[in-house]
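Student: Pasting in a structure now, in C-alpha coordinates, and then I'll have a few things to ask.
The values are calculated or read from the model by the stated rules, or taken from the named source; none is laboratory data. Values in this document were obtained by computation on a predicted structure and should not be read as measured data. Every residue, glycine as well, gets a Cβ built from its backbone with ideal geometry; the counts of neighbours run over all protein chains shown.
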Amino acid sequence: MDHNQLGERLRIARQRKNMSQLDVAIALEEFGVHLNQTAIGKIERGERNIYLHHFVVLLEILDISYEWAINGGDINIP
(Lines give C-alpha, C1' and ligand atoms only; values in the text may rest on other atoms or scores of the structure.)
Protein backbone atom coordinates (compact mmCIF):
# COMPACT_ATOMS: atom_id res chain seq x y z
CA MET A 1 0.00 0.00 0.00
CA ASP A 2 1.31 3.42 -0.96
CA HIS A 3 1.10 5.73 2.07
CA ASN A 4 1.02 8.81 -0.17
CA GLN A 5 -2.05 7.55 -2.04
CA LEU A 6 -3.79 6.49 1.16
CA GLY A 7 -3.07 9.84 2.77
CA GLU A 8 -4.30 11.68 -0.32
CA ARG A 9 -7.56 9.73 -0.27
CA LEU A 10 -8.04 10.49 3.41
CA ARG A 11 -7.46 14.18 2.66
CA ILE A 12 -9.98 14.11 -0.20
CA ALA A 13 -12.58 12.42 2.01
CA ARG A 14 -11.97 14.93 4.82
CA GLN A 15 -12.38 17.87 2.47
CA ARG A 16 -15.55 16.42 0.94
CA LYS A 17 -16.99 16.23 4.46
CA ASN A 18 -16.02 19.91 4.89
CA MET A 19 -13.85 19.01 7.88
CA SER A 20 -10.58 20.62 8.86
CA GLN A 21 -7.72 18.56 10.25
CA LEU A 22 -8.64 20.00 13.64
CA ASP A 23 -12.25 18.81 13.19
CA VAL A 24 -10.94 15.31 12.49
CA ALA A 25 -8.65 15.42 15.54
CA ILE A 26 -11.61 16.39 17.74
CA ALA A 27 -13.79 13.64 16.24
CA LEU A 28 -11.00 11.10 16.81
CA GLU A 29 -10.85 12.11 20.49
CA GLU A 30 -14.50 11.06 20.83
CA PHE A 31 -13.38 7.54 19.85
CA GLY A 32 -10.44 7.63 22.26
CA VAL A 33 -7.87 8.20 19.51
CA HIS A 34 -5.32 10.88 20.34
CA LEU A 35 -3.93 12.37 17.12
CA ASN A 36 -3.34 16.09 16.80
CA GLN A 37 -3.72 18.24 13.70
CA THR A 38 -0.02 17.93 12.87
CA ALA A 39 -0.16 14.13 12.96
CA ILE A 40 -3.20 14.09 10.70
CA GLY A 41 -1.38 16.34 8.22
CA LYS A 42 1.61 14.00 8.23
CA ILE A 43 -0.65 11.00 7.58
CA GLU A 44 -2.31 12.84 4.69
CA ARG A 45 1.11 13.67 3.19
CA GLY A 46 2.36 10.09 3.61
CA GLU A 47 5.00 11.18 6.14
CA ARG A 48 3.61 9.11 8.99
CA ASN A 49 2.31 5.56 9.23
CA ILE A 50 -1.17 4.99 10.58
CA TYR A 51 -2.15 2.35 13.12
CA LEU A 52 -4.91 -0.01 12.05
CA HIS A 53 -7.19 1.11 14.89
CA HIS A 54 -6.76 4.78 13.91
CA PHE A 55 -7.43 3.89 10.27
CA VAL A 56 -10.68 2.08 11.13
CA VAL A 57 -11.88 5.04 13.20
CA LEU A 58 -11.00 7.46 10.38
CA LEU A 59 -13.07 5.35 7.98
CA GLU A 60 -16.02 5.74 10.34
CA ILE A 61 -15.55 9.50 10.83
CA LEU A 62 -15.04 10.19 7.13
CA ASP A 63 -17.80 7.76 6.10
CA ILE A 64 -15.66 5.97 3.53
CA SER A 65 -15.08 2.31 2.74
CA TYR A 66 -11.90 0.39 3.35
CA GLU A 67 -11.89 -0.56 -0.32
CA TRP A 68 -11.99 3.06 -1.51
CA ALA A 69 -9.34 4.19 0.97
CA ILE A 70 -6.98 1.45 -0.19
CA ASN A 71 -7.80 1.09 -3.89
CA GLY A 72 -9.38 4.40 -4.92
CA GLY A 73 -12.08 4.71 -7.55
CA ASP A 74 -15.34 6.59 -7.28
CA ILE A 75 -16.19 8.14 -3.93
CA ASN A 76 -19.69 8.81 -2.77
CA ILE A 77 -19.90 10.76 0.47
CA PRO A 78 -23.34 11.95 1.57
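Student: Taking into account only those residues within the range 1-55 that are among the aromatic types (Phe, Trp, Tyr) and over 19 Å from Gly72 (Cα atoms), which is surrounded by the most Cβ atoms within 10 Å (Cβ to Cβ)? Give the steps one after another, and end with the answer.
Tutor: Here is the first cut: in the range 1-55, the ones among the aromatic types (Phe, Trp, Tyr) are 31, 51, 55.
With the extra rule that they be over 19 Å from Gly72 (Cα atoms), the set shrinks to 31, 51.
Details: Phe31: 14, Tyr51: 10.
Ranking the qualifying residues of the range 1-55, first place goes to Phe31.
Student: Here is a further query. Taking interchain pairs and intrachain pairs at least six residues apart, which have beta carbon atoms under 8 angstrom, with the first residue in the range 43-59 and closer than 12 Å to Arg9 by Cβ and hydrophobic (A, V, I, L, M, F, W, C) and the second part of a loop (DSSP other than H, G, I, E, B) and at pLDDT 95 or above?
Tutor: Listed pairs, sorted by first residue: Ile43/Leu35.
Student: (1) assigned to a loop (DSSP other than H, G, I, E, B); (2) surrounded by 14 or more Cβ atoms within 10 Å (Cβ to Cβ): which one isn't true of Gly73, the others all being true?
Tutor: Looking at each condition in turn, Gly73 falls short on (2).
Student: With the condition kept exactly as written, say whether any residue in the range 62-70 is surrounded by 18 or more Cβ atoms within 10 Å (Cβ to Cβ), in contact with a Lys or Arg (Cβ under 9 Å, 6 or more places away or on another chain) and not in a helix (DSSP H, G or I).
Tutor: Scanning the range 62-70, I find at least one residue that is surrounded by 18 or more Cβ atoms within 10 Å (Cβ to Cβ), in contact with a Lys or Arg (Cβ under 9 Å, 6 or more places away or on another chain) and not in a helix (DSSP H, G or I), so the answer is yes.
Student: Select from the range 1-52 the residues that are outside any helix (DSSP H, G or I) and of a type in the set (Asp, Glu) and write down the one among them that is modelled with the lowest pLDDT.
Tutor: The selected residue is Asp2.
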